[in-house]
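Written out below as structure tokens is the structure these notes cover.
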Amino acid sequence: MNTKTLRLRLIALATLLVLIAGTHYALNHNPSFLFWYTNQAFPWLQQIRSDLLNRFSLSIGDYIYLILGLFLLLLLIRLIYFSIRYKSSKEDFWTELLRFFTFPSFIYLLFTLLWGGNYARPALAQNLGLEGIDWDEQKLVQINEKLVERLNEIRNADLSFPDFKVLNHQANTYYHQQLNVPQGTLKVKHTSLGYMLNYLGINGYYNPISGEAQFNRFIPKFMHPFVIAHEMAHQTGVAAEDDANLLAYIICAESQDPAFRYSGYFNLFLYAFNDLKSIDTQSANQVLESLNPFSQNDLEELKVMRLKYKSRFRSVSLYLYDEYLRWHGQKEGIKTYAGVVKWAYYWEKTRQQAAGPATITSIARD
């Protein structure tokens, strides 16, 4: 390959890096650009992908990941090969090196344009007008006790959870009612990765390239409504994990379906109880003792499942995802998920003061 071609490849890589940097700068420092992206560009792109791919029950995004992963592996193998033969293949080495960095740069730019730009959104709590400056242990105890009270009211032997198809339709309907999301836009699919998600410690995930939301069907049924609502939150453009948890909690709590309310309260309790246990074991034990036996069995079922699929892959997966979240502005990494507890507490306070269902129309957009 001649010098001119190498120069063109270098220019292409530099252009991609400039576009990435420029896009991130505009999203984080230009309110008008961010408003355009979150209110016009992303919803339009998501709608197109939903209309195209929701007709398939198969997760197209899983196969896109597989193809991209294999292609990147091929580029890495070629780079290693030509690095070994550097003395006799200098031009080939530099060609492969540029190609190796150009490909992921292009994918990252695509990621940012198709969904990643949503990380620049203001926090959901800010859109809701919630303030948490006086958050303390006493309030953490209070929300734990309140959640136990609600779980005890709902959970009994008669509580049943609809199948996946029905839950999908119900969750989409709730988002339509609360956020005016067009009916049929949001859909969560079974992942094609099978039991692998269990070993990775993943309940579900959103594919920013295809716009699809994937779901681990092997988790216990009492987890399903909340996880589905969480992944749908990502489809509406909510990127931060604590925001997605908060929106999922609101959707579940505002539902008239006991299964959704229970799943929302139970999942929030998991975060709230773990937070309390980390700072006051005695108070946490007292809270747990007051929990109904059915919910205690649910806790045990989750514990057994996690022990069954415990592996080194989970540690690696969580570490990489932790770094990914930090890279995209979520300073607490994996712990960001638990940030929902504080904001759910203040949302509940606002809800009580309103003396009726809280309005959350359009909070997913700026």
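Within segment 187-224, which residues have the backbone N less than 20 Å from the label spot 7 Å out from Thr173 along Cα→beta-carbon, could you tell me?
Backbone N within reach: 187-189, 222-224.
With +1 on the Cβ of every Lys and Arg and -1 on the Cβ of every Asp and Glu, and nothing else charged, how large is the dipole of segment 141-278 about its Cα centre, in debye rounded to the nearest 20?
For segment 141-278, the charge dipole is close to 320 debye.
Compare the Cα positions of Ile250, His190, Phe266 along the charge dipole of the chain (+1 at Cβ of Lys, Arg; -1 at Cβ of Asp, Glu; about the Cα centre) and return the one farthest towards the positive end.
Positive-end residue among those listed: His190.
What residues qualify as long-range amide H neighbours of Gly204, i.e. H under 5 Å apart, gap of 5 or more or another chain, H built at 1.01 Å from N?
Distant-sequence amide H within range of Gly204: Asn216.
With unit charges on the beta carbons (Lys and Arg positive, Asp and Glu negative) and the dipole taken about the Cα centre of the chain, which residue among Ser311, Phe226, Gly339 sits farthest to the positive side?
Ser311
Work out the length of the dipole vector of segment 94-145 about its Cα centre, built from +1 on the beta-carbon of each Lys and Arg and -1 on the beta-carbon of each Asp and Glu, and round it to the nearest 20 debye.
Computed about the Cα centre, the dipole is about 480 debye.
How much FRET efficiency would the formula 1/(1 + (r/R0)^6) give for Tyr108 and Gln296, where r is the Cβ-Cβ distance and R0 is 30 Å, rounded to 0.05?
Once rounded, the FRET efficiency stands at 0.10.
Setting aside same-chain residues fewer than 8 positions from Lys189, which aspartates and glutamates have a Cα under 12 Å from its Cα?
Here the aspartates and glutamates satisfying the reach criterion relative to Lys189 are Asp62, Glu212, Glu231.
When the chain is fully extended, how far beyond the present Cα-Cα distance does Glu131 get from Ala21, taking 0.36 nm per residue of separation?
Numbers: separation 110, 0.36 × 110 = 39.60 nm, distance 3.21 nm.
Roughly 36.4 nm would be gained on extension.
On a straight-distance basis, which lysines could pair with Lys90 in a cross-link, Cα separation under 19 angstrom, same-chain partners fewer than 8 positions away excluded?
Lys4
To test your reading of the geometry: what angle, between 0 and 90 degrees and rounded to tens, separates the Cα axis of helix 258-279 from the longest principal axis of the chain?
80
With labels modelled as points extended 7 Å from the Cα through the Cβ direction, what inter-label distance (nm, one decimal) is found for Asn30 paired with Leu8?
Spacing of the two 7 Å Cα→Cβ label points: 2.9 nm.
Taking the Cα atoms only, what angle lies between the long axis of helix 224-235 and the longest principal axis of the chain, rounded to 10 degrees?
Relative to the chain, helix 224-235 is tipped by roughly 40 degrees.
Not counting the cut sites, what is the longest span of the chain without trypsin sites (Lys or Arg not before Pro) that DSSP labels loop and that have at most 12 other Cβ atoms within 10 Å?
Value returned for the longest uninterrupted segment is 88-330.
Run the dipole for the chain about the Cα centre, Lys and Arg Cβ at +1, Asp and Glu Cβ at -1, nothing else charged, and hand back the magnitude in debye, nearest 20.
Once rounded to the nearest 20, the dipole reads 1600 debye.
Would you mind checking the tilt of helix 241-253 against the longest principal axis of the Cα atoms of the chain, expressed as 0 to 90 degrees and rounded to 10?
Result, in degrees: 40.
So how much slack lies between Ile64 and Met196, counting 0.36 nm per residue of separation and subtracting their Cα-Cα distance, in nm?
45.8 nm
Which loop chymotrypsin sites (Phe, Trp or Tyr not before Pro) in segment 199-274, with loop taken from DSSP, have no more than 10 other Cβ atoms within 10 angstrom of their Cβ? Please list the in-between numbers first.
Working: sites: Tyr199, Tyr205, Tyr206, Phe215, Phe218, Phe222, Phe226, Tyr249, Phe260, Tyr262, Tyr265, Phe266, Phe269, Tyr271, Phe273; in loops: Phe218.
Here no loop site has a sparse enough neighbourhood.
What chymotrypsin sites (Phe, Trp or Tyr not before Pro) in segment 73-125 are in a loop by DSSP, with at most 15 other Cβ atoms within 10 Å of the Cβ?
Tyr86
Considering the options Leu76, Gly132, Tyr119, tell which one lies farthest towards the positive end of the dipole of segment 55-154, charges being +1 on Lys and Arg and -1 on Asp and Glu at the Cβ, about the Cα centre.
Leu76
Could you go through segment 297-304 in sequence order and give the Karplus-derived ³J(HN,Hα) for each residue, using 6.51 cos²θ - 1.76 cosθ + 1.60 with θ = phi - 60°, rounded to whole Hz, and x for Gly and Pro?
So the J values, rounded to whole Hz, are 5, 5, 4, 5, 4, 5, 4, 5.
Give a quick list of chymotrypsin sites (Phe, Trp or Tyr not before Pro) in segment 28-78 that DSSP marks as loop, anything other than H, G, I, E or B, with at most 11 other Cβ atoms within 10 Å. Can you show the working numbers first?
Working: sites: Phe33, Phe35, Trp36, Tyr37, Trp44, Phe56, Tyr63, Tyr65, Phe71; in loops: Phe56.
When the chymotrypsin sites (Phe, Trp or Tyr not before Pro) of segment 28-78 are filtered for loop state and at most 11 Cβ neighbours within 10 Å, Phe56 remain.
Values in this text are rule-based calculations from the coordinates and carry no lab data. This is a predicted model, so every value here is computed, not measured. Glycine also receives a Cβ, built like all others from the backbone with ideal geometry; neighbour counts cover every protein chain displayed.
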